[in-house]
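Engineer: Encoded as structure tokens, here's the structure I'll be asking about.
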Amino acid sequence: FPLLGYKPLDGGWGWMVVFGAHISIGFAYSTPKALSIFFKEIQEDLGASYSEIAWISSIMLAAMYAGGPVSSVLVNRFGSRPIVILGGLMCGLSMVTASFGSSIIYLYFFIGVIGGCGLSLNLNASLTIISKYFLAKRPLANGLAMAGSPVFLCCLAPLNQYLLDKFGWRGSLFVLGGLMLNCCVAGALMRPVLSHRKPSSSVLQNKVEDQTIKCHTKLKASCMENAKMFLDVSFFKDRGFIIYLIGNMMFIFGAYAPIVFLSAYAINQGVEEYSAAYLLSITGFVDMFVRPGTGLVANSKWIRPRIQYFFSFAMIFNGACHLLCPLIRSYPFLVVYAVFFGIGFGMVFALIFECLMDLMGNRRFPSAVGLVTIIECFPMLLGPPTAGLLVDVFGDYKYLFFMCGSVIVTGGLFLFIMNIYNYHMLAKENRAKSREPSQNNLETEDRVSVGEAEMKQTPGAAMELTDLEAKEKNGAKQDP
């Protein structure tokens with residue numbers, strides 16, 4: 001409580017805040033995936049290739065993640081309510097404006113950049129306000145808020161297909177923009193936490209004076225602190241962090257392309273459009289239950305000490321699903337693939353930040369996650385367009401799944417092998433550190449013995465020793 005300056009409510013209006021966060025986080029995570037329903041129609045209308053159309057979701061996801069540090073600074077400066085309302089306005093206007101687009105570059109800017117930045121504001125501000133309303137019940141509140149991602153994906157995928165059939169992709173983006181304005185309503189629910197203490201008038205006057213004098217100094221200091229927090233290059237000297245970062249980047253590179261092209265792949269296999277859209281809903285529905293289940297398993301006494309290996313297994317499982325997908329030719333087996341895809345996807349994302357916290361610790365975790373989020377933007381930006389380029393070159397979706405699956409499996413195997421090496425080296429370094437004190441003690445003892453020997457060899461020292469011995473003998477005789 002002393003760090004917060006007040007006691008969190010852990011209930012009351014906080015549950016309305018969780019409801020608002022559920023809406024804003026749901027739109028943030030599900031929109032880049034559910035937009036893939038429109039890609040086939042946009043591609044035919046604008047004459048774009050598979051690689052070009054995939055850049056829409058990639059830019060949106062990259063902007064959402066890259067805007068995290070800027071969003072954090074704005075939330076600390078202005079609070080969560082105005083930032084979520086601003087993010088909702090940006091998302092709604094970006095979709096409405098994109099519906100009038102006549103080129104793919106137009107969609108890149110409005111859906112990708114403007115919409116992605118709006119989602120970034122929604123996501124960070126929602127997570128921040130929950131931490132101010134809850135303490136004891138914070139895990140439950142965060143879980144309910146984060147559940148918005150699979151819930152909204154289950155709903156948006158078939159809804160987008162319905163809108164596409166009724167209004168086309170332009171009308172669908174227009175309606176979707178109106179729906180995303182509900183993030184402004186969600187932001188209005190996030191009223192600031194007020195302290196119940198009533199300071200005296202003298203205290204208020206002092207605060208006003210201090211604020212007037214130190215405003216610019218505090219602003220500069222906060223900017224420097226945020227820059228240091230999110231750009232701490234000392235992490236690159238940590239072996240465990242480098243291993244985690246390489247494996248994580250390989251997973252992110254291949255993680256989103258199967259989601260973006262799953263519906264189009266199913267239609268290419270002769271599946272009905274609504275049934276193809278429901279594959280995304282199935283993936284999201286399974287993901288909804290797998291994430292908390294994985295958290296419970298990871299918290300058990302058998303898995304907790306080996307959580308890095310569990311994370312490696314989850315990545316290998318996810319990649320293996322993609323490698324087997326091109327062998328599937330019927331809709332029932334595509335449903336099975338969607339189920340296992342949801343299991344693998346949910347397992348990895350339930351563990352991805354927990355493993356980083358296990359490596360870095362609670363104190364260094366905020367800085368580490370900020371740096372990882374920024375670096376993740378590059379594989380996230382390049383993954384889906386690279387997969388789309390393979391479809392353009394070979395005219396077949398199977399190479400897309402082969403590439404994503406092989407990259408993710410390789411990343412999982414890399415993490416497994418390198419974590420074995422890392423733990424071995426850590427144990428070796430700890431043993432070496434434990435030997436250092438004993439070696440230092442031996443060295444000091446040797447120096448003392450050498451010094452005594454030198455004193456005995458010196459004549460003056462020998463005379464002093466005989467005098468001391470004589471005095472001791474006389475003292476012994478005089479002592480009754």
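The values are calculated or read from the model by the stated rules, or taken from the named source; none is laboratory data. Note that this is a predicted model, so its numbers are computed, not measured. Glycine gets a Cβ as well: all are built from the backbone with ideal geometry, and neighbour counts include every protein chain shown. Surface accessibility is based on the protein's heavy atoms, side chains included, excluding ligands, DNA and RNA. Shrake-Rupley method; radii C 1.70, N 1.55, O 1.52, S 1.80 Å.
Engineer: What is the extension gain from Asp396 to Val335, computed as 0.36 nm multiplied by their sequence separation minus the C-alpha to C-alpha distance, in nm to one decimal?
Structural biologist: 19.9 nm
Engineer: Okay, moving on. Need the full-extension length gain, Gln269 to Tyr309, defined as separation in residues times 0.36 nm minus the C-alpha distance. One decimal, nm.
Structural biologist: Answer, rounded to one decimal: 10.8 nm.
Engineer: If we sort 54-67, 84-97, 101-114 on the protection proxy, mean other Cβ atoms within 10 Å, highest first, what's the order?
Structural biologist: 54-67, 84-97, 101-114
Engineer: A further question on this structure: On the accessible surface of the stretch 331-384, probed at 1.4 Å, how many percent belong to carbon and sulfur atoms?
Structural biologist: Percent of accessible area from carbon and sulfur atoms in the stretch 331-384: 74.
Engineer: Also, quick follow-up: So what is the accessible area of the stretch 9-193 per residue, in Å², with the probe set to 1.4 Å?
Structural biologist: 36 Å²
Engineer: Compute the Cα gyration tensor for the stretch 9-193, then decide on rounded, prolate or oblate, letting a ≥ b ≥ c be the square roots of its eigenvalues: rounded whenever a/c is under 1.5, prolate when a/b is larger than b/c in the other cases, and oblate in all that remain.
Structural biologist: Prolate shape, in that a/c is at least 1.5 and a/b is the bigger ratio.
Engineer: In the stretch 9-193, with Lys and Arg counted as +1 and Asp and Glu as -1 at Cβ, which of these residues, Gly88, Ile37, Leu159, has the Cα nearest the positive end of the dipole, that is, farthest along it?
Structural biologist: The listed residue farthest towards the positive side: Gly88.
Engineer: Please report, in debye to the nearest 20, how large the charge dipole of the stretch 233-435 is about its Cα centre when each Lys and Arg carries +1 at its beta carbon and each Asp and Glu carries -1 there.
Structural biologist: 1220 debye
Engineer: Next question. Please get the size of the charge dipole for the stretch 341-406, origin at its Cα centre, with Cβ charges of +1 on Lys and Arg and -1 on Asp and Glu, quoted in debye to the nearest 20.
Structural biologist: So the dipole magnitude of the stretch 341-406 works out to roughly 180 debye.
Engineer: Between Arg431 and Leu327, what is the spin-label point distance in nm, taking each point 7 Å from the Cα along the Cα→C-beta axis?
Structural biologist: 4.3 nm
Engineer: Under a crude label model (7 Å from the Cα following the beta-carbon direction), how far is Tyr423 from Ile374 in nanometres?
Structural biologist: So the two model labels end up 3.2 nm from each other.
Engineer: Would you work out the charge dipole size for the stretch 56-203 about its Cα centre, treating the Cβ of every Lys and Arg as +1 and the Cβ of every Asp and Glu as -1, and quote it to the nearest 20 debye?
Structural biologist: Here the size comes out at about 680 debye.
Engineer: Relative contact order of the stretch 233-435, please, whole-number percent, based on alpha carbon pairs below 8 angstrom and at least 6 residues apart.
Structural biologist: 39 percent.
Engineer: Mind running the shape call on the stretch 88-174? Use the C-alpha gyration tensor, a ≥ b ≥ c as the square roots of the eigenvalues: rounded below 1.5 for a/c, prolate if a/b tops b/c, oblate otherwise.
Structural biologist: oblate
Engineer: If you don't mind, another one. Find the accessible area per residue for the stretch 377-441; the probe is 1.4 Å, ligands and nucleic acids are left out, and the unit is Å².
Structural biologist: Result: 54 Å² of accessible area for each residue.
Engineer: Need one number: nm distance between label points at Asp45 and Trp13, each 7 Å from Cα along Cα→Cβ, rounded to one decimal.
Structural biologist: The answer from the label model is 4.2 nm.
Engineer: Go through 391-401, 124-134, 20-30 and give me the packing order, highest mean Cβ count within 10 Å leading.
Structural biologist: The densest-packed peptide leads the list: 20-30, 124-134, 391-401.
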